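The values are calculated or read from the model by the stated rules, or taken from the named source; none is laboratory data. This structure is a prediction, so every number in the text was calculated from the model and none was measured. Positions of Cβ are generated from backbone atoms using ideal geometry, with glycine treated the same way; all protein chains shown enter the neighbour counts.
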Amino acid sequence: MIKIFIDLGTTNIKIEIYKNEKNIESISKANKDIYFDNENLFCAEKLFDFLRDFCIDVNKKYNSNILIVFSSAMHTILFLNNNYEQIGKGRTLIENISFDIPNDKKELFRSINGLVNSSFLPIYKIKYQTSYSFDHITTLKSYILYKFSGKKYIEISDASALGVVDCKNLNYSSEILDYINLNEVNLPKILTKRRVFKTQINNFELSIDLGISDGAAAAIGSVTADNEVSLSVGTTLGIRYISDSFVDTKYKYDYCFPIYNNKYIYGISSSNGGNNIELIAKQMNIKLDEIESLDFSKCKLLDVDIYFFLERFEQKILNIEDIKIDINVLYTYIYQLFLRISNYKKIIESIKGKTIILKATGGIFNNKYILSVAKKILGDDIIISNKDNLSVIGLIKIVQHW
């Protein structure tokens, strides 16, 4: 059987084809080339057409039945009519939106869904959606499953990402559903254990596994020991690990959501990651790879917290136009970034009760100066991973062992 691992990422779709446990093809395409528009909204039907044609072509090429396994960016949402057809455009994490949500509601729902509650969460897009009426809600992966098989299911991490799941009892929260005027009949059935759906397409057997969220898949794929924790520093910043039980969220920036087999992903996130370095470098008219050639020997740490991007919690952000951007700002932010990571590491160590190793990924670690700062602050407790597409590695582990 041919196995196709599909990572529906925030900006790209990555596909790896395996035969006899060996990777025989890898493909990467921008979402905007397939199903996204310029506002980062999407048409799920276009993605389904692409995947259907892709599977048919793979079957013709290798003359084999196919298993497809998904990972996907969290917080996608589709509004559907009674015929399960998409209404309007699909919504994503990275669309430009802002809602005025009462703090008491955010805190209440956070105690239920375990997430950092802000306007990126689909529950608020449901609450404040007034352009059209709808009959059903689903996510991108679950819509693809329905189109292939007619089955209306959603895996637990995808359901949690909607913001409507009670993270402790693993069911839809009636309190949150009441707030957004939704009923369980409007939503797919939740899967708490891995399940493979079989269907026929073009005279061959197609099996579909909804997999897991991309962050959870990457966390599973990056670590090999209990004391290892996944760290990703890309546009944003994320540190996370797999827990055998629910972890209480005590900080503004942490979260905990369920995955298969009564396990959880606990993590800490920040909207201020490598994006600030890119922004500062752009203002200095330098490229990222030119940073390591700069002379930082006479730089001074500034007495200001540098956040240029609004977090999913309240904090003061700087206006790029209000401060003088120079090498001291760059120097300060790089140090602050890894001091924050060090603080996040201490939080997780206090929860796990042991010293942890950060398995880190991100293009910024290719920069020798940035890597030197990371090593200076974190020492041997950070290891840079050179593995590609950790989400796929995580999916392979799930298929083999879960």
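Residue selection: L358 fails the criterion of being farther than 24 Å from D226 by Cβ, crowded, with 17+ Cβ neighbours inside 10 Å and within 21 Å of the chain's Cα centre (by Cα).
Using the structure shown, decide if Y253 is within 26 Å of Q336 (Cβ to Cβ) and of a type outside the set (G, A, S). Yes: the conditions hold for Y253.
A Cβ distance below 6 Å, combined with a sequence gap of six or more or placement on separate chains, defines the contacts here; from segment 352-371, residues that are outside any loop (DSSP other than H, G, I, E, B) reach residues that are charged (D, E, K, R) in the pairs I357/E228; I357/D381; K359/E228; K368/E292; Y369/E292.
Kindly indicate which of F48, F120, F70, F79 is assigned to a helix (DSSP H, G or I), surrounded by 15 or more Cβ atoms within 10 Å (Cβ to Cβ), in contact (Cβ under 8 Å) with a residue 24 or more places away in the chain and among the aromatic types (F, W, Y).
Criteria check complete, one pass: F48.
Out of all the residues in segment 302-309, is one or more of a type in the set (D, E), touching a helix residue (DSSP H, G or I) at 6+ places or on another chain (Cβ under 8 Å) and either buried (at least 16 other Cβ atoms within 10 Å of the Cβ) or in a helix (DSSP H, G or I) (or both)? No: zero hits. The one condition from (1) buried (at least 22 other Cβ atoms within 10 Å of the Cβ); (2) not in a helix (DSSP H, G or I) that I126 does not meet is (2). Among the residues of segment 5-36, those that are among the charged types (D, E, K, R), modelled with pLDDT of 95 or more and not in a strand (DSSP E or B) comprise K32, D33. Considered as a group, the residues in segment 103-117 that are modelled with pLDDT of 90 or more and part of a loop (DSSP other than H, G, I, E, B) include one that is nearest to the chain's Cα centre (by Cα), and that residue is L115. Among residues of segment 148-177 that are not assigned by TED's automatic domain parsing to the domain that holds F48, none has a beta-carbon under 8 Å from a residue that is part of a helix (DSSP H, G or I) at least six positions away or on a different chain.
Restricting segment 216-275 to residues that are of a type in the set (F, W, Y) and within 30 Å of L330 (Cβ to Cβ), the residue that is farthest from the chain's Cα centre (by Cα) is Y251.
What number of residues within segment 372-382 are touching a residue at least 40 places away in the same chain (Cβ under 8 Å) and touching a strand residue (DSSP E or B) at 6+ places or on another chain (Cβ under 9 Å)?
Matching residues across segment 372-382 total 2.
Filtered by the rule that a residue be part of a loop (DSSP other than H, G, I, E, B) and buried (at least 23 other Cβ atoms within 10 Å of the Cβ), segment 129-144 gives a lone residue, T139.
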